[in-house]
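Please treat every number below as a calculation from the coordinates, not as lab data. What you see is a predicted model, and the numbers here were worked out from it, not measured in a lab. Glycine gets a Cβ as well: all are built from the backbone with ideal geometry, and neighbour counts include every protein chain shown.
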Amino acid sequence: MKKIVTLSVSILTATLIFQVSAALTDDQFGGGEIAYSAPAKGVYFSHEVHVELGFECDSCHEGLFEMETGAAVKNGNFTMNAMGEGSYCGACHDGSTAFSLESSCSACHVEDGGAIHFTAPVESVRFGHQEHVEMGFDCSDCHNGMFEMSALEAQKGDFTMEALYRGEYCGACHDGSTAFASDTRCATCHIGVKGYDRAKKPAEKKAAKQH
Amino acid sequence: MDATRKLTLNDIESEITGRLLSAGKGYYLAVLLSALMVVAAVAAGLHAMVVGHDHTYNLTREIPWGILIATYVFFVVTSTGLCLVSSIGHVFGIESMMPIAKRSVFLSIATILAGFFVIAFEIKMPWRMAVYNIISPNITSNIWWMGTLYGLYLVLMMFEFLFLNLNKHRLAVGCGFSGAIAGIAAHSNLGAVFGLLMGREFWHGPYMSIYFIASAMMTGTAVIFLFHYLAYKINDEPMESRMVESLNVTRKLGIMLICVIMFFTVWKMTAGIAGQPGGKYEAVMALVKGPYAVNFWLFEVGFGLVFPLVLFYLSKGKNMFMMFAGSAMMIIGIFIMRYDLVLLGQVVPVFHEYGVNEYKHLLSYFPSFHEIIITLGGFGVASFLFLIGEKLFGGHKVEPGHHH
Amino acid sequence: MKRNKPSFKEMKNEGVENVPAEERRDFLKMGLTLTGVFAGGTLFSAVSSVRKVYASSGEFVKKYPYKPHYSMMIHLDRCIDCERCLSACKSTNHVPDYGFRTAVLERERPDAVGQKREFMPVLCNHCNVSQCTRVCPTRATYKDKTNGIVMMDSRKCIGCLTCQEGCPYNARYFNEEKHAVDKCNFCFDTRLSKGEELTACASACPAGVRIFGDLSDPDNRVYREVHQIERAVWVLRPEAGTRPNVFYTRG
């Protein structure tokens, strides 16, 4: 109940304040659009959406988030786990006040991880988010403990073919029934040093390598 | 000069000095220019050896042979051609070809030396060749045979020239005959250097050895004509009727050989297109309508064959300038023929047929500054020796009736 | 690939039955003594010919010209272009940056069903009928009489580069520091002669692509893989007639 009262008051206050500030700045909703690139990239937070829902600045900028853009990232604990414990976005996104962290990933994770190029234990393996999303997979199908949202996190662990054969990582699907077995079609994912260079290194290097 | 006259060293010295000082300004300018070209080439070649060929030549792992090999081939083709065409007269006794003998033999020495000059800068360690060609020969190697036989050929041609000038005709004929045999053997081995490489479809087969001999004779006629024309300009003399007649026979021989090479070219190209033989087809099409089409149609076909054929025919053996223009065009065309021949064997990558990214396309090459300078140096050597030879040997006069 | 590769389906009997047995025996003996291997043909025909001609496989093995007969089997589909072989080769054999003794080539087929990419490791094929050794004027490159490795004697190399022209596998390059052509020698000087059993590339490969071994030893894996009817084995550029000792297979 207290929240609803606060909400009504804040709507009034916010309307007044923002009508004034709108005249002074383009950024009528405080911090505008925030694009996070760490720990996971392509995460967007829209001040506009939240302000229009009726929140005022100190709804969040009072303990949950610093005013400074990117401060949450610098804290080092801006993770889904922390949010699950009620920090940051998790304060509201708990499934009652706002949608749960467990659902609607793409509401905030607007961009997928793009093409991931693993460089260990061997060079170089490509995972394409796009191809897998187009097949109808949802983020949480893989980002359920199998892969961290943070790129290349997997290669710091036991990211080996043996692990895949045991059903870990890619091997969860690439078992020969859900998707092609991970001991076949090697060069589909293993694009090699050449594939890596093509994707990552600027065109000049390629030109130099040609002759 | 009467060979039987007793000469003292002083006589020889004054005779030589007298001859060398008897020319016009243009001559000395040409000698100076030739000498400068040689000096520049030596400088470029030594520089390349010191700083490394990979920094100075535009050659690659896939195209290790460039314009210098082409130039070498051009000069040895020319030399062999001069030897063969001139031997028709003084070795095989065809009277009308007699007057061109001495100059042609001299030029065959000059051109092979130009070839050796260029190859010395093309081969990375020529000094090792001098040692290991002798102590570690490989008799299955066409390069070894070619090198050895051309060495022998050079010696025989030098003796032939010596005996011709001493009027020792029996010895001259012996050397000339052996020289011609050595030249044919050496030259067909040069063809085999290319022709016996199994992995190089454009070259592979017996064609190269046969073509090289026919092509040498065609080149010989052009060079004989060109240099005789220039020689009479340099010496500022009217051409004797015997010489005019001799050159007319050379012209006719030239017409015939152009036709032979046209025939060879038609079938070489047809064989490369019919049935699209792998490796060969790509190279032949690069000549017909690819990056080498201008080289092929304008230089090889136009300058090398068609234009000189027309000019030789129209000159009727009387219009000297027309024949000179024809032979000059022919030499330009033939040089491009050698360049294309060397290059086209290499532009199709050995792994082309596997469709791998690395070797999907034809390879390319363009000579570097160093390579061009050394190439010009080769021409400098030939022209310097020609010019000096004209004065030193008094216009290579062949007196009538001085054979057999 | 433009060139026709022999395939089981298209194979027809060429009517060897009509050739008198003695003649056929001589012919095959000559061929196998020269080649020592099944290069160029399909294994099916080669193995069955061996059975026809030799009383035992032992007799056939004697026909390999070298002992050990070093060779390499490349499992093409396993190569992932991690290029550990290339780094291992470079550091073991001091190969400069501008050159290589072995390379991994890449074939892309966007219209392929399933996998659309394949990597193809290449190196000196240590051919039994080696062009490079035939064309070398000074015998600077030669076949080792005991093990068949195509070796270089750098001191004798004059740098004419005819061997580079003759090689159908682009296996040679001019090494400016050595003042000679340089090439793969199956790590003979750097590893094999020091008691190692594998080449640097084979030992560095994490995927079992490069299987190095002795083709004359029936217990050796290379021997066993080459002498299988079920396995398709081929060599590169068989039309060049070089009878290579580097084989390719999938699976």
How do the peptides B:384-396, B:210-222, A:99-111, A:168-180 rank, highest first, by the average count of neighbouring beta carbon atoms within 10 Å per residue? B:210-222, B:384-396, A:168-180, A:99-111
Total charge dipole magnitude, chain B, about the Cα centre, Cβ charges on Lys, Arg, Asp, Glu only, Debye to nearest 20: 440 debye
Of B:Lys102/B:Lys233; A:Lys156/A:Lys200; C:Lys67/C:Lys90; A:Lys200/C:Lys116, pairs whose Cα-Cα distance is over 24 Å: C:Lys67/C:Lys90
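In nm, what is the difference between 0.36 nm times the number of residues separating B:Lys168 and B:Leu314 and their Cα-Cα distance?
Fully extending the segment from B:Lys168 to B:Leu314 adds 48.7 nm.
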Average partner coverage of C:164-172, which counts Cβ from other chains inside 10 Å: 6
Residues other than C:Ile158 with Cβ under 12 Å of its Cβ, Lys/Arg counted +1 and Asp/Glu -1, net out at +3
Simple spin-label estimate for B:Ile134 and B:Leu32 in nanometres, 7 Å along Cα-Cβ: 4.1 nm
Most exposed first, judged by fewest Cβ atoms within 10 angstrom, B:Lys289, B:Lys252 run B:Lys289, B:Lys252
Net charge around B:Phe312, counting only other residues with Cβ within less than 13 Å of its Cβ (Lys, Arg = +1; Asp, Glu = -1)? +4
Rounded to the nearest Å, the spacing of the alpha-carbon centers of the range A:33-92 and the range A:172-190 is 38 Å
Computed label-point distance, nm, for sites B:Val155 and A:Leu53 using a 7 Å Cα→Cβ extension: 10.0 nm
May I ask you to order B:161-171, B:71-81 by the average number of other C-beta atoms within 10 Å around their residues, highest value first? B:71-81, B:161-171
The protein assembly as shown: C-alpha pair distances exceeding 53 Å, %: 37 percent
Taking the Cα atoms of the range B:264-341, report the difference between the largest and smallest coordinate on each principal axis, in whole Å and largest first. 48, 19, 16
Using a Förster distance of 25 Å, the FRET efficiency for A:Lys41-A:Thr97 (Cβ separation, nearest 0.05): 0.40
Taking Rh as the Kirkwood radius computed over C-alpha pairs, what is the Stokes-Einstein D of the range C:166-251 at 20 °C in a medium of viscosity 1.002 mPa s, expressed in µm² per second? 143 µm²/s
I want the local charge near A:Gly171. Using Cβ-Cβ distances under 12 Å, sum +1 for each Lys or Arg and -1 for each Asp or Glu among the other residues. -4
Restricting to bridges with both residues inside the protein assembly as shown, how much of the DSSP beta-bridge set is antiparallel, in percent to the nearest 5? 90 percent
Which of B:Val31, B:Tyr150, B:Ser87 sits closest to the plus end of the dipole of chain B, meaning its Cα is farthest towards the positive end, when Lys and Arg get +1 and Asp and Glu get -1 on the C-beta? B:Ser87
Projected-area average for chain B over all orientations - Cα convex hull basis, square nanometres: 20.8 nm²
Can you give the average number of partner chain beta-carbon atoms within 10 Å of each beta-carbon in peptide B:345-357, as a whole number? 5
Based on DSSP H runs of at least 4 residues, each adding -39500 (n - 2.57), what is the mean residue ellipticity at 222 nm of chain B after dividing by all its residues, to the nearest 500 deg cm²/dmol? -24000 deg cm²/dmol
Using only Cα atoms and rounding to the nearest 10 degrees, what angle (0 to 90) does helix B:241-273 make with the longest principal axis of chain B? 10 degrees
Would you please put C:103-110, B:350-357 in order of how densely packed they are, using the mean number of other Cβ atoms within 10 angstrom per residue and starting with the highest? B:350-357, C:103-110
Post the alpha-carbon centroid distance, the range C:149-168 to the range C:102-143, in whole angstrom. 16 Å
To the nearest 0.05, how large is the calculated FRET efficiency for B:Ile388 and B:His361 if R₀ is 56 Å and r is the Cβ-Cβ distance? 0.75
Point-to-point label distance, B:Val288-B:Ser241, nm (Cα→Cβ direction, 7 Å offset): 5.2 nm
Can you tell me the orientation of helix B:25-51 relative to chain B, as the angle in degrees between its alpha-carbon axis and the longest Cα principal axis, to the nearest 10? 40 degrees
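What FRET efficiency comes out for C:Ser87 versus A:Glu33 if R0 is 60 angstrom and r is the Cβ-Cβ distance? Round to the nearest 0.05. Walk me through the numbers before you get to the answer.
Details: r = 45 Å, r/R0 = 0.75.
E(calc), rounded to 0.05, equals 0.85.
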Could you name the aspartates and glutamates in cross-link range of A:Lys194, using Cα to Cα under 17 Å and dropping any fewer than eight places away on the same chain? A:Glu123, A:Glu204, B:Glu358, C:Asp77, C:Asp81, C:Glu83, C:Asp97, C:Glu106, C:Glu108, C:Glu118
Taking chain B as the reference, fit the longest principal axis to its C-alpha atoms, fit the long axis of helix B:126-135 to the helix C-alpha atoms, and give the angle between the two in degrees, 0 to 90, nearest 10. 90 degrees
